[in-house]
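The values are calculated or read from the model by the stated rules, or taken from the named source; none is laboratory data. These figures come from a predicted structure and were not determined experimentally. All Cβ positions, glycine included, derive from the backbone under ideal geometry; neighbour counts span all protein chains shown. These accessible areas exclude ligands, DNA and RNA; they are computed on the full protein's heavy atoms, side chains included. Shrake-Rupley method; radii C 1.70, N 1.55, O 1.52, S 1.80 Å.
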Amino acid sequence: MYEPADVETVGVVGAGTMGHGIAQVAATAGYDVTMRDIESEYVDRGLEEIDSSLERLAAKGAIDEEPATIRGRIAGTTDLADLADADVTVEAAVEEMAVKRDVFADLDALADDDAVLATNTSTLSITEIAGATDRPDRVVGLHFMNPVPVMEGVEVVVGEHTDGAVVEFAHAFADALGKETWESDDKPGFVTNRVLMPWINEGIRAYDEGVATRDDIDRGMRLGTNVPMGPLELADHIGLDVVLDASETLHEELGDRYKPAYLLTRKVAAGDLGKKTGEGFYGYE
Ligand code: CAA
């Protein structure tokens, strides 16, 4: 099984921001999807987010089928064993190596021998995650961007032992989900976060050091470089805890040029994680 057309069922581990987005685009592409999280309330919340996203897309004619038809292809579960039949599983659990290695060891034990196991990790080593399995050749990075239903790109990350045919499959599978891809070696932060995190942290430092107001830093970067969001609003959008985790991994691996900004650390310590908690660099209703 190396062709996306041979895939019938897609497994997704995690129903959070990335997991439910990945489940949604896979179901929209016609696959049956099983989405698993550890608590049924997380699964339910993910399914609700999918419903509202599909409604938004349907309202502007961006999907060919009724939302209910697409939604009907997604089953929620709290039991990882329900992913046993998945031809490809995308893991989007928390960004903690120990958690991911546990999930991959469990998936390895229950999935078919030829199933592909992909991880949505944004900064952790694919090779280290794959090391928890007996099939490191069939483990690959599929790094989606947030919000998944809207963003057009997916980063394919190649681990030390990833088979060339699995890399090819990863590109083709992302293409079948309506995404465009680029490829990165398994090096800290891959392409996107290696370049994005210093940009965000420098925006936070500029704010903390009084270079300009919060709004003018974002406005300056939006108008000055034609990006949709400035660094502070993008940090809130991604989640400050996610930004801090990614920054700390890069700092650990690549040294002081990746040190997280002080104000980022303080806001995460205060529980102000951006949009998802209603407070970050901006306030949200
Ligand atoms: N589902 C469906 N539609 C959605 C949606 C969702 N979850 N989120 C936004 N949309 C749609 C809206 O309905 C809207 O559609 P129309 O233009 O047709 O009305 C469109 O997307 C734009 O949304 P909004 O009008 O609400 O707001 P916006 O114009 O500011 O766009 C945005 C929002 C798409 C998020 C845009 O600001 C953007 O592209 N920002 C940058 C996002 C980015 O850089 N993401 C990558 C982060 S890095 C990452 O994810 C990797 C990592 O490892 C950290």
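Might you let me know whether the stretch 146-154 holds any residue that is among the polar types (S, T, N, Q), away from the ligand (no atom under 16 Å from the Cβ), closer than 30 Å to Leu254 by Cβ and surrounded by fewer than 23 Cβ atoms within 10 Å (Cβ to Cβ)? It would help to see each step written out before you state the result.
So the first thing to find is which residues in the stretch 146-154 are among the polar types (S, T, N, Q), and the list is 146.
After this cut, where a residue has to be away from the ligand (no atom under 16 Å from the Cβ) as well, the list is none.
Checking the stretch 146-154: not a single residue is among the polar types (S, T, N, Q), away from the ligand (no atom under 16 Å from the Cβ), closer than 30 Å to Leu254 by Cβ and surrounded by fewer than 23 Cβ atoms within 10 Å (Cβ to Cβ).
Of a type outside the set (S, T, N, Q) and surrounded by fewer than 19 Cβ atoms within 10 Å (Cβ to Cβ): which single residue out of Asp37, Asp51, Asp87 fits that description? Working first, answer last.
Details: Asp37 fails: surrounded by fewer than 19 Cβ atoms within 10 Å (Cβ to Cβ); Asp87 fails: surrounded by fewer than 19 Cβ atoms within 10 Å (Cβ to Cβ).
Checking each option against the conditions leaves just Asp51.
Which number in (1) among the hydroxyl-bearing types (Ser, Thr, Tyr); (2) surrounded by 21 or more Cβ atoms within 10 Å (Cβ to Cβ); (3) away from the ligand (no atom under 14 Å from the Cβ) marks the one condition that Thr265 misses?
(2)
Looking at (1) away from the ligand (no atom under 11 Å from the Cβ); (2) touching a residue at least 12 places away in the same chain (Cβ under 8 Å), find the lone condition where Gly271 falls short.
(2)
Take the stretch 227-262 and flag every residue that is touching a residue at least 40 places away in the same chain (Cβ under 8 Å), touching a strand residue (DSSP E or B) at 6+ places or on another chain (Cβ under 9 Å) and either more than 9 Å from the ligand (Cβ to nearest atom) or basic (Lys, Arg) (or both).
Ala235, Asp236, Leu240 - these are the residues of the stretch 227-262 that are touching a residue at least 40 places away in the same chain (Cβ under 8 Å), touching a strand residue (DSSP E or B) at 6+ places or on another chain (Cβ under 9 Å) and either more than 9 Å from the ligand (Cβ to nearest atom) or basic (Lys, Arg) (or both).
Of all the residues that make up the stretch 156-201, how many are among the polar types (S, T, N, Q) and under 24 Å from Pro231 (Cβ atoms)?
Of the residues in the stretch 156-201, the ones among the polar types (S, T, N, Q) are 162, 181, 184, 192-193, 201.
Of the ones still in play, those that are also under 24 Å from Pro231 (Cβ atoms) are 184, 192-193, 201.
So the count comes out to 4.
Name the pairs whose Cβ atoms lie under 6 Å apart, with the first residue in the stretch 185-202 and at negative phi, the second surrounded by fewer than 18 Cβ atoms within 10 Å (Cβ to Cβ), and 6 or more positions between them or separate chains?
What qualifies is Asp186/Thr127; Pro188/Glu253; Pro188/Leu254.
Report, by residue number, each residue of the stretch 274-285 that is open to solvent by 50 Å² or more (accessible area, probe 1.4 Å) and within 16 Å of the ligand (Cβ to nearest atom).
Lys275, Lys276, Tyr284, Glu285
Hey, any hits in the stretch 197-218 for a residue that's within 11 Å of the ligand (Cβ to nearest atom) and aromatic (Phe, Trp, Tyr)?
yes
Could you tell me whether the stretch 160-167 includes any residue that is over 21 Å from Gly21 (Cβ atoms), out of contact with any helix residue (DSSP H, G or I) (no Cβ under 6 Å at 6 or more places or on another chain), open to solvent by 30 Å² or more (accessible area, probe 1.4 Å) and more than 12 Å from the ligand (Cβ to nearest atom)?
Residues of the stretch 160-167 over 21 Å from Gly21 (Cβ atoms): 160-167.
In the following step, the residues that additionally are out of contact with any helix residue (DSSP H, G or I) (no Cβ under 6 Å at 6 or more places or on another chain) were identified as 162, 164-165, 167.
Now restrict to residues that are open to solvent by 30 Å² or more (accessible area, probe 1.4 Å): 164-165.
This time we only want the ones that are more than 12 Å from the ligand (Cβ to nearest atom), so: 164-165.
Within the stretch 160-167 (the criterion being over 21 Å from Gly21 (Cβ atoms), out of contact with any helix residue (DSSP H, G or I) (no Cβ under 6 Å at 6 or more places or on another chain), open to solvent by 30 Å² or more (accessible area, probe 1.4 Å) and more than 12 Å from the ligand (Cβ to nearest atom)), the answer is yes, since at least one residue qualifies.
Among the residues of the stretch 8-27, how many are open to solvent by 10 Å² or more (accessible area, probe 1.4 Å), under 24 Å from Glu96 (Cα atoms) and either of a type in the set (Asp, Glu) or in a loop (DSSP other than H, G, I, E, B) (or both)?
Adding up the residues that qualify gives 1.
Go through the stretch 189-243 and count every residue that is loosely packed, with under 14 Cβ neighbours inside 10 Å, among the polar types (S, T, N, Q) and within 18 Å of Tyr282 (Cβ to Cβ).
Selection size over the stretch 189-243: 1.
Just checking, how many residues over the stretch 246-262 are open to solvent by 70 Å² or more (accessible area, probe 1.4 Å) and assigned to a helix (DSSP H, G or I)? Quick ask: steps written out before the conclusion?
Initial filter on the stretch 246-262 (open to solvent by 70 Å² or more (accessible area, probe 1.4 Å)): 248, 252-253, 256-257, 259, 262.
The next check asks that each one be assigned to a helix (DSSP H, G or I); those that pass are 248, 252-253, 256-257, 262.
Of the residues in the stretch 246-262, 6 are open to solvent by 70 Å² or more (accessible area, probe 1.4 Å) and assigned to a helix (DSSP H, G or I).
Of the numbered conditions (1) among the β-branched types (Val, Ile, Thr); (2) over 18 Å from the mean Cα position of the chain (by Cα); (3) open to solvent by 20 Å² or more (accessible area, probe 1.4 Å), Ile70 satisfies every one except a single condition; which is it?
Every condition holds for Ile70 apart from (3).
Filter the stretch 133-154 for residues that are among the hydrophobic types (A, V, I, L, M, F, W, C) and not in a strand (DSSP E or B) and give the result. Explain how you work it out, then say what you get.
Applying the first criterion (among the hydrophobic types (A, V, I, L, M, F, W, C)) to the stretch 133-154 yields 139-140, 142, 144-145, 148, 150-151, 154.
Hits for the stretch 133-154 are Met145, Val148, Val150, Met151.
Please go through (1) within 16 Å of the ligand (Cβ to nearest atom); (2) open to solvent by less than 30 Å² (accessible area, probe 1.4 Å); (3) more than 14 Å from Val88 (Cα to Cα) for Asp186 and return the number of the only condition it doesn't satisfy.
(2) is the only condition that Asp186 fails.
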